[in-house]
Amino acid sequence: MHAGKRAAADARTASRALVRAVSDLVGKAVDQVLLGDERVGSAAEARKLLKRDEQAEAVAGDIARVAMLAVPVVRRLARGARLTRVPWVLVATTTASIGIGVRSGVKEIQALSSLIAHRLEQATGAPADPALVKKLAVDIYLHPRRTPTVNNDKLRIGRLTRKWLLGGAVGRKTERRASRAFEAAERIDAAKLAAEWKREVRR
């Protein structure tokens, strides 16, 4: 009984450390985009940006850390599934496969953030608020068909972590999902979202 509780506690600790690492990675990846002068102005330009590696290289160490933390978490998930709905290949998950998936996700978030920042800056005439860019990037990336809202500043990092890990473990292609997110970013009412965000921050 004691060993089981200890194992469960260790699993929760490992999962929390992983989510924190992904949160740090997303923050640094988006900041890397916002500190630069280059922006993408359309979904088509965002797709082209995915073919480049410069921005993702700047956070390569953080990507490697996430991959290292992720492998034992994913393997524990696979071993703990009895009537498994978890793909058996998760048992053989490697740091390399997770790293590839996370790297692809980071590049997609960065391209999406660049497009969102462009839309906000065009609408307001001022530099985009980094927190707003991160909020919209994560929400649109996870749910491109939903109309984004800014009634809270919560980042859904837990959901993003699961999506990246499972996608990397099974080698899932993400280009179509990213493309939908880019197209959704083109459609946002940037001026309205920026105004609502400013009111929310003041509260």
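Before moving on, here are some points about what is shown:
- Positive contributions from Lys and Arg (+1) and negative ones from Asp and Glu (-1), summed over other residues with Cβ under 12 Å from the Cβ of LEU115, come out at -1.
- Full-stretch length increase - ARG176, GLU121 - with 0.36 nm per residue and alpha-carbon distance subtracted: 17.2 nm
- Pairs from LYS173/LYS198; LYS51/LYS192; LYS48/LYS135; LYS28/LYS163 whose Cα-Cα separation, in the structure shown, is over 28 Å: LYS173/LYS198; LYS51/LYS192
- Environment charge at ARG145 (Cβ cut-off 11 Å; Lys +1, Arg +1, Asp -1, Glu -1): +3
- Potential extension, ARG20-ALA195 segment - 0.36 nm per residue separation minus Cα distance: 60.1 nm
- Highest average packing first - 34-44, 107-117, 13-23, Cβ atoms within 10 Å: 107-117, 13-23, 34-44
- Calculated FRET efficiency for the pair ASN151/ARG12, C-beta based, R₀ 45 Å, to 0.05: 0.95
Since every read-out is calculated from the coordinates, none of them should be taken as a lab result. These numbers were taken from a predicted model, which means no experiment stands behind them. Neighbour counts are summed over all protein chains in view; Cβ atoms, including those assigned to glycine, are modelled from backbone coordinates with ideal geometry.
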